[in-house]
Amino acid sequence: MLTRRGWLGIAALGSLGVRPRFTEGSEPAGSPLTITGLTVTPIALPDPPLLNAGGCHGPYFLRNVVELKTDAGIVGIGETAGGEGTTLALEKARGVLVGQNAFGYRRFARELFAASPAGYAGIELACLDACGRATGRRLCELLGGPARDPVEFSAYLFYRYAADHPAVLADERIKDGRGRGAKALDDWGEVRSPETMAAMAERFRKQWGFRVFKLKGGVLAPGQELETLKAMAAVLGRDCPLRIDPNGRWKVETALRIGQGLKGLPLEYYEDPVRGQEGMAAVRQGTGLAMSTNMCVTRFADLAGAFRLHPIDVLLGDLHYFGGFAGNLALGPVCDAAGWTMSQHSNNHAGVTMAAMIHLGAVVPQLTMAGDTHYPWLVEGTDIIEGPKLAIEGGRMAVPKGPGVGVTLDRDRVARAHETYVQCGMRRRDDGPLMRKLEPGWTGGLIQCSS
Ligand code: GKR
Ligand code: MG
């Protein structure tokens, strides 16, 4: 029978005319996938002025690109959360990684996860990518999938300002040629009313075929956000499930009141209207609505409280939070046991993460609900992968066909995005400063019930 090592030898080295050096039963010293180096590239990509409970996005979002070199000449790629903290954790990981076998990533998983969950996620992804490239298998196949292909995603709708709003363009951190009109990052315009949001939802459906729609709340008055969902339902019809996520910006009494209004709508779930497991449990009990979170259960350590308090029905998985693919696969049976289903959380990301999120949706059997993705907001021409952006058709994305994660880095675009990172001076996410310029007096506190 062909062993993994034998297979690796044939697949990765046969064509290179190199003889693999394996000794049966021993550690594969000098094996074809020994990690020989790690490159970490912090990048900044243009981000339109999307609004949330924490303020306004922009002018850039940060990511870290990981490249893991191996002695077979194969380079595994990964993308993970941005920010200086993660960059530093990744740099520190180099000492742990060099000399290890990429196939044996569980060996250093605990140590790297403890140092930085997002750092670990980037390394694990790069290891799996290298393993896939070495064996000619897609990442999801290495992990027993695909359980489904294509994978469904939801339309992730944000209230927002126009990309060429004067206060947005006046931001001194901007280091690219964006401007007014045709030079604006995008043409969605200002969306800060129920009618304009319903129109944007319809445009998302026309352009990408989405079936499920998530409204990022915690921005306007709660009553206006309820009116927005009603306007969306009127335009989209009852076959399009809706979600609303105020990111814990409401009080329990507000969430209970709005929850009553949500009952007549095709609501799929009520995501984090309030902070904390106790508050979420009170809203769940008081409304009888299905609740979801990416805020009150974000680590395995949060599970004990959740089992006791019953705050949710749906848990949003995330490669960056729960320990990469391995952690999210482990989360699946936990959700089964708790009676929860899984969806997927998203923050701003580029194409390597998009591909990884598709693979995750394809391998976790419990991840039956359409995942979130910020990918439609990624400005055309800025993705860091070669070729066009990955396609969304009928609200679904096909698992990339190539080995490993299935996408390749466009090195010119990565270099440009790194240059932007150096010049813009942004080193961590902070949505407050731009919001205070757009809405002087904005504090970001809890929103009071307006009626
Ligand atoms: O991108 O503004 C945003 C979102 O609010 C994001 O930061 C959240 O983490 O998407 C997220 C969520 O579902 O809470
Ligand atoms: Mg959320």
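The values are calculated or read from the model by the stated rules, or taken from the named source; none is laboratory data. Predicted, not measured: the structure shown is a model, and the values here were computed from it. Glycine gets a Cβ as well: all are built from the backbone with ideal geometry, and neighbour counts include every protein chain shown. Side chains included, ligands, DNA and RNA excluded: accessible areas come from the protein's heavy atoms. Shrake-Rupley method; radii C 1.70, N 1.55, O 1.52, S 1.80 Å.
Some values worked out for this structure:
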read-out	value
Residue match in region 99-120 (condition: without any contact (Cβ under 8 Å) to a residue 12 or more places away in the chain and of a type outside the set (D, E, K, R))	yes
Test: residue in region 376-392 that is within 16 Å of ligand 2 (Cβ to nearest atom) and either in contact (Cβ under 8 Å) with a residue 40 or more places away in the chain or in contact with a Gly (Cβ under 7 Å, 6 or more places away or on another chain) (or both)	yes
Unmet requirement for A93, which otherwise passes all of (1) over 15 Å from A326 (Cα atoms); (2) touching a Ser or Thr at 6+ places or on another chain (Cβ under 9 Å); (3) open to solvent by 10 Å² or more (accessible area, probe 1.4 Å); (4) small (G, A, S)	(3)
Any chance T287 is away from ligand 2 (no atom under 16 Å from the Cβ) and hydroxyl-bearing (S, T, Y)	yes
Positions within region 249-272 being more than 13 Å from L229 (Cα to Cα) and open to solvent by less than 30 Å² (accessible area, probe 1.4 Å), in sequence order	R249, W250, T254, A255, E271, D272
Condition met for A362 (of a type in the set (G, A, S) and either closer than 23 Å to W208 by Cα or assigned to a loop (DSSP other than H, G, I, E, B) (or both))	yes
Count - residues of region 393-436 that are open to solvent by 10 Å² or more (accessible area, probe 1.4 Å) and either small (G, A, S) or at positive phi (or both)	6
Extreme residue, nearest to V364 (Cα to Cα), among residues of region 96-145 that are open to solvent by 30 Å² or more (accessible area, probe 1.4 Å), hydrophobic (A, V, I, L, M, F, W, C) and in a helix (DSSP H, G or I)	L142
Tally of residues being over 22 Å from L220 (Cα atoms) and surrounded by 16 or more Cβ atoms within 10 Å (Cβ to Cβ) across region 273-284	4
Selection from region 437-451 of residues that are assigned to a helix (DSSP H, G or I) and either open to solvent by 70 Å² or more (accessible area, probe 1.4 Å) or touching a Gly at 6+ places or on another chain (Cβ under 7 Å) (or both)	K437
Filtered residue count, region 280-318, keeping only those that are more than 16 Å from ligand 1 (Cβ to nearest atom), under 19 Å from V252 (Cβ atoms) and small (G, A, S)	6
Hits in region 285-303 - residues which are in a helix (DSSP H, G or I) and open to solvent by 70 Å² or more (accessible area, probe 1.4 Å)	Q285, F300, A301
Test set (1) closer than 29 Å to D245 by Cα; (2) in contact with a helix residue (DSSP H, G or I) (Cβ under 7 Å, 6 or more places away or on another chain) - E124 fails condition number	(1)
Qualifying residue in region 336-351 (condition: part of a helix (DSSP H, G or I), within 16 Å of ligand 1 (Cβ to nearest atom), open to solvent by less than 40 Å² (accessible area, probe 1.4 Å) and at negative phi)	no
Scope region 304-318; condition within 12 Å of ligand 2 (Cβ to nearest atom) and either free of Cβ contacts under 8 Å to residues at least 40 places away in the same chain or open to solvent by 10 Å² or more (accessible area, probe 1.4 Å) (or both); matching residues	I312, L315, D318
Which numbered condition A155 misses (of (1) open to solvent by 10 Å² or more (accessible area, probe 1.4 Å); (2) within 16 Å of ligand 2 (Cβ to nearest atom))	(1)
